[in-house]
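Written out below as structure tokens is the structure these notes cover.
FYI, it's all coordinate maths here, none of it is from the lab. All of these numbers come straight from a predicted model, not from anything done at the bench. Here the Cβ positions follow ideal geometry from the backbone for every residue, glycine too, while neighbour counts run over all protein chains shown.
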Amino acid sequence: MKPLLLLAALPEEADAFLPGQGPIVEGEPVPVRLVEIDAVRITIVTCGLGKVNAALAVGRYASSETALVAMTGTCGRIGSIQGDCFWIETAIQ
């Protein structure tokens, strides 16, 4: 299967996806972690906040071989309150 690219704005968001798994890539300008599950390679990138940072990360870490680019995160809302989650239905540019 082709590799996947997962972007997160904050380190806590990236660390929440498969915590403790995969090595950290040294020498990169942003934190990058590589995880392999069932022969699928997932590159997890902490790109920082905003669409410009996300676009730069895609430009650097995605290739023609990348099957999927996805974003994970909480829009900066990290807390321990049960059920404290929001569905973002609309974004205004």
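Applying the Karplus parametrisation 6.51 cos²θ - 1.76 cosθ + 1.60 with θ = phi - 60° to the phi angles of the range 47-60, what ³J(HN,Hα) value in whole Hz is obtained for each residue in order, glycine and proline being reported as x?
Karplus-based 3J(HN,Hα) across the range 47-60 equals 9, x, 6, x, 5, 5, 4, 5, 5, 5, 5, 4, x, 7 Hz.
Along the Cα→Cβ direction, 7 angstrom out, place labels at Ala39 and Lys2. What is the inter-label distance in nm?
That separation, rounded to one decimal, is 1.7 nm.
Once you place label points 7 Å from the Cα toward the Cβ at Lys51 and Glu26, how far apart are they in nm?
Rounded to a tenth, the inter-label distance reads 3.8 nm.
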